[in-house]
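Report on one structure; see the data block that follows.
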Amino acid sequence: MMKRVKLFGMDKTGVEILTIKGRRSGNPGSVPVNPLEFEGKTFPVCSRGETEWVRNLCAAGTGTLEKEGKRTVFSVTETLNAEKPPILKDYLRRWEKDAGSYFGLGAGATLEQLAEVASKHLVIEIASTNVSGDSHGH
């Protein structure tokens, strides 16, 4: 049986590191995220609402996701509120233990309940622009 490991308080299974340029400093900053694979697309869901990294990502319009030594450079496409409920439902099904409390709903939430909270949670579609096997630029 695989031992579950925590990273920044999150279950390490599925965690990727999101790196974004700061909107004021211009310096890169990184946060752990649990992107969701949904209908063949990748969606980091901003479960905690409009945090600093969310504001930085929206301002930059681009960032990188890193997992297991592979870094993906991407551009940001914001998902419309009307399109979020099925994505949020699947996200909560997958990540309820790590993120459910931020929604005030559990994995059994209805699409209607999720539509009511959708505007509080940015859902970003990752449009990959480049994948690199060397995350350290060597």
### Query
Only one of (1) surrounded by fewer than 19 Cβ atoms within 10 Å (Cβ to Cβ); (2) hydrophobic (A, V, I, L, M, F, W, C); (3) modelled with pLDDT of 85 or more fails for Ile20. Which number is that?
(1)
### Query
Taking the stated definitions as given, is Gly29 outside any helix (DSSP H, G or I) and not aliphatic (A, V, I, L, M)?
yes
### Message
Looking at Glu125 and the list (1) without any contact (Cβ under 8 Å) to a residue 60 or more places away in the chain; (2) not in a helix (DSSP H, G or I), which single condition is not satisfied?
### Response
(1)
### Message
If I go through the range 95-116 residue by residue, how many of them are under 14 Å from Leu36 (Cβ atoms), out of contact with any Pro (no Cβ under 7 Å at 6 or more places or on another chain), crowded, with 17+ Cβ neighbours inside 10 Å and of a type outside the set (Gly, Ala, Ser)?
### Response
3
### Message
I'm told Val54 meets every condition in (1) free of Cβ contacts under 8 Å to residues at least 60 places away in the same chain; (2) within 18 Å of Ile20 (Cα to Cα) except one. Can you identify the failing condition by its number?
### Response
(1)
### Task
Would you mind telling me which numbered condition in (1) more than 13 Å from Ile20 (Cβ to Cβ); (2) within 15 Å of the chain's Cα centre (by Cα); (3) hydrophobic (A, V, I, L, M, F, W, C) Ala107 fails?
(2)
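The values are calculated or read from the model by the stated rules, or taken from the named source; none is laboratory data. Quick caveat, the model's predicted, so the values are computed rather than measured. Positions of Cβ are backbone-derived with ideal geometry, glycine not excepted, and every protein chain shown enters the neighbour counts.
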